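Enquirer: Questions regarding the structure given below will be posed in turn.
The values are calculated or read from the model by the stated rules, or taken from the named source; none is laboratory data. Just so it is clear, the model here is predicted, and its values are computed rather than measured. Counting neighbours? That spans all protein chains shown, and the Cβs are built from the backbone with ideal geometry, glycine included.
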Amino acid sequence: MARTRLLAGNWKMHKTRAEAVEFAEKLAQLSSDISDDAVIGYPELLICATFTALPGLMEPLQKSNTRLGAQNMHEADHGAYTGEVSAAMIKELGCTYVILGHSERRMYFAESDAAVAKKTLVALDHQLTPIVCVGESLEERENGETSTRIAAQVGAVLDALKDKQDGAERLVIAYEPIWAIGTGRTASKEDAEVVARAIREQVKEKLGDHVASAVRILYGGSVKPENIADFLSEADIDGSLVGGASLEAESFFRMAHNSTL
Ligand code: PGA
């Protein structure tokens with residue numbers, strides 16, 4: 001099955017609302033020079049902004065055909081959860097995607113595999129597309145524990161989706177080795193592909209062929225305009241989740257261009 005590539009920017013805790021809109025306007029300007037023919041084969045574009053930048057960002061992003069996403073959400077619809085935001089709340093602002101279980105959330109906010117699995121189910125039920133992040137630490141990689149660590153993280157999510165009748169094929173899984181995030185070090189494309197292929201195999205075992213061939217798997221960790229095409233040349237890598245290099249419109253635009261089929 002042909003999968004649409006996805007270029008997702010994860011802005012983390014960067015950009016005020018005004019800066020976010022400035023980025024969107026700049027991206028629209030850059031995109032306006034592309035001919036209709038060139039747009040064919042372009043990846044799906046997505047920016048995951050901070051909660052405070054979400055209102056009013058959908059419209060300027062639409063000018064460059066870029067979708068809007070959040071970086072986290074709570075699994076409950078509402079309730080006494082000070083500081084949290086629900087799926088319905090981010091949807092109302094135009095989000096169609098949400099990043100779940102980023103390693104920074106697992107590390108600094110103690111998000112467990114079980115919590116990430118629960119949020120994934122809730123996101124799908126709200127018609128949001130979850131981008132579930134998985135990845136090993138440097139110590140785990142050096143100890144040869146990469147595949148077991150990833151399998152545990154992915155397995156928790158797949159178990160939660162086992163009885164889901166539809167929607168599971170919308171799942172996006174981002175493989176982000178923790179040691180490659182923001183460090184300038186990347187996994188080799190071959191190593192990234194080994195992990196991506198194993199993830200797809202695991203999806204196949206748990207949820208069947210149809211879902212496995214539809215699920216998109218991204219690589220993330222120090223991706224930039226110069227190396228993005230390398231990762232995308234691998235059969236099981238369908239896009240990228242990009243932090244630092246997604247903060248400038250020119251750089252994001254170049255990555256979109258370099259991700260074109
Ligand atoms: P990076 O971050 O591109 O800055 O390494 C990736 C991420 O954390 O999603």
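Enquirer: Across segment 223-261, what is the number of residues that are outside any strand (DSSP E or B) and more than 11 Å from the ligand (Cβ to nearest atom)?
Expert: Of the residues in segment 223-261, 24 are outside any strand (DSSP E or B) and more than 11 Å from the ligand (Cβ to nearest atom).
Per-residue answers, yes or no, for (1) touching a Gly at 6+ places or on another chain (Cβ under 9 Å); (2) touching a residue at least 60 places away in the same chain (Cβ under 8 Å); (3) buried (at least 20 other Cβ atoms within 10 Å of the Cβ):
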| site | (1), (2), (3) |
| --- | --- |
| GLU92 | no, no, no |
| THR96 | yes, no, no |
| ALA123 | no, no, yes |
| GLU140 | no, no, no |
| ALA174 | yes, yes, yes |
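Enquirer: Continuing with the same structure: Count, please, the residues in segment 1-41 that happen to be at pLDDT below 90 and either in a helix (DSSP H, G or I) or within 21 Å of the chain's Cα centre (by Cα) (or both).
Expert: 7
Enquirer: Which ones in segment 182-222 are surrounded by fewer than 23 Cβ atoms within 10 Å (Cβ to Cβ), within 13 Å of the ligand (Cβ to nearest atom) and within 19 Å of LEU7 (Cβ to Cβ)?
Expert: The answer is GLY182, THR186, SER222.
Enquirer: Being closer than 30 Å to ALA152 by Cβ and acidic (Asp, Glu) is true for just one of GLU92, GLU75. Which residue is that?
Expert: GLU75
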